[in-house]
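For reference, the structure discussed in these notes is given below.
The values are calculated or read from the model by the stated rules, or taken from the named source; none is laboratory data. What you are looking at is a predicted structure, and each value in this text was computed from that prediction instead of being measured. Positions of Cβ are backbone-derived with ideal geometry, glycine not excepted, and every protein chain shown enters the neighbour counts. Surface areas here come from the heavy atoms of the whole protein model, side chains and all, with no ligands, DNA or RNA. Shrake-Rupley method; radii C 1.70, N 1.55, O 1.52, S 1.80 Å.
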Amino acid sequence: MASIEKLIREKTDRLETVPTELLTKLQKLEKEIFPEVLELVSRLERDASGFVKFNKKNVEISGAIREQLRRVLLTSEYTAIVADFAEEFDTQEGVTNSLLNETFPDFIPGGLASDIVKQSKKETVEIFINGITDEAFADAISKQVTLAVNNNGSFTDTLKIIRQIVIGDEEVDSKIQQYAQQVAHDQFALADRAYTSQVSEEIGAEWFFYSGSEIKTTRPFCAERHNQYFYYKEIERWGEGFKTEGLSLPNKNGDWAGKIDGTNEKTIFTTAGGWNCRHSIIPVSILNVPKSVIERNMNEGYFKPSEFEV
């Protein structure tokens, strides 16, 4: 049976590795579908100087290309990639359940917490199938085609922009990568924390371990709390804008860079450090909590131990 430490590491590592694997698959797919995009755009009629003509045929191409582009993406491997990513939400729930079973023997999975995961999966699939397919792909390319047709634009310049939209270059990621990068990480991490938060409430967890993946853009809020133990009242205070002894909040209003609007003493267990946060707030047994952390909370008046805990 896996150790608690190993399960925590697996749970938190996946907040980084699962979305990254999705982005890697999308990057490969973009290169595969670019020839099809090129074929559609190359139907535009140009004059002898290489400028797109403003004529009836090109106007018709401009009007129809959005749906054609959308079809290119949806008939590719894209939907399978999205489906695989959605299944990882269930796997993450299973990892969390294994961890909680090790820590809280009476824990029973299912119920409202599982419904949260199902809803998160549904929302994520809708974003990838509708939002990203349109805004980051079909709409973005269609806009460039329309501009070229209406303004007799250079076909070479238009193609360069479209290439950048579809597969990016050395300086800029593709539009899909830009859009998917934050959506994938945020949706996956928020679903993980929402499930963990609901289960923590159901089992009456009081002590938590703040852990996850530290990245180049890790904010001070998360860096200070990384791999630290806290009592639930301390965490609630962060959402209210108050600090924990030894930790700071970046400004006098109790806010921090990347904080999600609506973060309060209850939602903090789901929103954590904010957008693009790779951390999880994991319920633990008091037996795992350092004595100094327990004493800190006793001194603050947050925690009064029972006779057994004493």
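Could you order 46, 66, 296 by accessible surface area, starting with the largest, using a probe radius of 1.4 Å?
These residues rank, largest area first, as 46, 66, 296.
Taking the chain as the region of interest, what is the percent of Cα-Cα pairs per 10 angstrom bin, listed from the shortest bin to the one with the maximum distance?
6, 24, 25, 18, 13, 8, 4, 1, 0
Would you mind computing the Rg to Rh ratio of the stretch 52-109 from its alpha-carbon coordinates, Kirkwood style for Rh?
For the stretch 52-109, the value is 1.51.
Calculate the radius of gyration of the Cα atoms of the stretch 117-258 to one decimal place, then report Dmax, the largest Cα-Cα distance, as a whole number, both in Å.
21.4, 66
Starting from the Cα of residue 130, move 7 Å in the Cα-to-Cβ direction to define the label point; list residues of the stretch 159-183 whose amide nitrogen is under 20 Å from there.
176, 179-183
Which residue, 146, 103, 86, has the largest displacement toward the positive end of the dipole of the stretch 79-181 when charges sit on each Cβ (Lys, Arg +1; Asp, Glu -1)?
My answer, from the dipole projection, is 146.
Which pairs in the list 28/216; 28/143; 175/233 are over 32 Å apart, alpha-carbon to alpha-carbon?
Long pairs (Cα-Cα over 32 Å): 175/233.
Starting at 0 and stepping by 10 Å, how many percent of the alpha carbon pairs of the stretch 107-188 end up in each bin?
16, 34, 25, 13, 8, 3, 1
Can you compute 3J(HN,Hα) from phi for each residue in the stretch 143-154, using the Karplus curve 6.51 cos²θ - 1.76 cosθ + 1.60 with θ = phi - 60°, rounded to whole Hz and x for Gly and Pro?
4, 5, 5, 4, 4, 5, 5, 5, 10, 6, x, 5
Given the options 72, 230, 290, identify the residue whose Cα lies farthest towards the positive end of the charge dipole of the chain (+1 on Cβ of Lys, Arg; -1 on Cβ of Asp, Glu).
Selected residue: 72.
Less than 17 Å apart at the alpha-carbon level, and either on another chain or at least 8 residues along: which lysines does that give for residue 56?
In chain and number order, there are no partners.
For the stretch 164-178, just list the computed ³J(HN,Hα) in residue order, Karplus coefficients 6.51, -1.76 and 1.60, θ = phi - 60°, integers in Hz, with x standing in for Gly and Pro.
Each residue of the stretch 164-178 in turn: 5, 5, 7, 10, x, 8, 5, 9, 10, 6, 4, 4, 5, 4, 4 Hz.
Please compute the Kirkwood hydrodynamic radius over the stretch 11-84, one decimal place, Å, based on all pairs of different Cα atoms.
Numbers: mean 1/r = 0.0677 Å⁻¹.
By the Kirkwood definition, the hydrodynamic radius is 14.8 Å.
Taking the alpha-carbon distance from residue 118 and a cut-off under 20 Å, which lysines remain once sequence neighbours fewer than 8 residues away in the same chain are dropped?
Straight-distance partners of residue 118: 11.
Please give every one of the aspartates and glutamates within straight-line cross-link reach of residue 53, meaning a C-alpha to C-alpha distance under 18 Å, and leave out same-chain neighbours fewer than 8 residues apart.
Cα-Cα hits under 18 Å: 39, 45, 157.
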